[in-house]
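Since the structure comes first, as structure tokens, the remarks are kept for the end.
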Amino acid sequence: MEAVQTVPEWKATADEIWAMMKETDRRMKETDRQMRESGSRLDQQLGNLGKQLGKLGNRFGEMVEYMIVPNLVEKFRELGFEVERTSRDMVIASKTRRIFTEVDVLLENGDKVIIVEIKNKPSIGDINDHIERMEKLRKDADFHHDQRKYRGAIAGVVFGESEKTYALKQGFYVIEPSGETFTIIEPKGGYHPREW
């Protein structure tokens, strides 16, 4: 004789099932709220960390500037560029000419101006930004009837080979660490200093 399986009988009423569904919904909403709060706290902590890292990066950039700038004049003089005046951390802004840019270091004499952008680890984007900066500075110089030739340089603590090559192809001088000091690589060997 075959055994017959019986299905357990549900004794829950519709009200009890409805109450269980409401409780499940309440728990799901509570879990969702807790996850949002945790996510919000995490977002806030990540935001604070990002701000702190940004400040640290700015400080590191300032240290690089202080290491490079004192010897920059001497190094460019070795390349035949007589520096008559240096300026640091300049802001050039003109609403009427729609120019806003910042300059880390400006070296100048009666004939030429060299604009040095200093980065911890220059990227292709940084180099492209410097090209835009040079174009803005040329526009500003033309407005002031400044006929001097403008040249650009990129300084970095860590330079990737592709970034260095790209900077040289764009006609920039490349400034990088070498021992206890730094070296300036001229754009030559097929590349020439670009003048704006």
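The values are calculated or read from the model by the stated rules, or taken from the named source; none is laboratory data. This one's a predicted model, so the numbers in the text were calculated from it and none came from an experiment. All Cβ positions, even for glycine, are placed from backbone atoms using ideal geometry, and neighbour counts span all protein chains on display.
For the stretch 90-101, give me each residue that is free of Cβ contacts under 8 Å to residues at least 24 places away in the same chain and not hydrophobic (A, V, I, L, M, F, W, C).
Matches in the stretch 90-101: Lys95, Thr96, Arg98.
I'd like to verify a number: residues in the stretch 100-157 that are of a type in the set (A, V, I, L, M, F, W, C) and under 14 Å from Glu195 (Cα atoms), how many?
Of the residues in that region, 9 qualify.
Go through the stretch 71-89 residue by residue and tally those that are closer than 19 Å to Glu176 by Cα, without any contact (Cβ under 8 Å) to a residue 60 or more places away in the chain and surrounded by 11 or more Cβ atoms within 10 Å (Cβ to Cβ).
Qualifying residue count, the stretch 71-89: 4.
Looking at Phe76, is it aromatic (Phe, Trp, Tyr), within 40 Å of the chain's Cα centre (by Cα) and at pLDDT 70 or above?
yes
When you scan the stretch 133-171, how many residues do you find that are among the hydrophobic types (A, V, I, L, M, F, W, C) and within 19 Å of the chain's Cα centre (by Cα)?
So the answer is 8.
Taking the condition of being within 21 Å of Glu82 (Cα to Cα) and either in contact with a Cys (Cβ under 9 Å, 6 or more places away or on another chain) or among the small types (Gly, Ala, Ser) (or both), how many residues in the stretch 116-154 meet it?
Here the count works out to 3.
When you scan the stretch 110-188 for strands (runs of 3 or more DSSP E) that lie fully inside it, which ones turn up with 2 or more residues that are surrounded by fewer than 18 Cβ atoms within 10 Å (Cβ to Cβ)?
In the stretch 110-188, the matching strands (runs of 3 or more DSSP E) lie at 173-178, 181-185.
As an exercise: evaluate Glu9 against (1) modelled with pLDDT under 70; (2) part of a helix (DSSP H, G or I) and give the number of the one condition it does not meet.
(2)
Could you check the stretch 158-182 and list, in sequence order, the residues that are farther than 16 Å from Pro193 by Cα, in contact with a Gly (Cβ under 9 Å, 6 or more places away or on another chain) and not charged (D, E, K, R)?
Pro177
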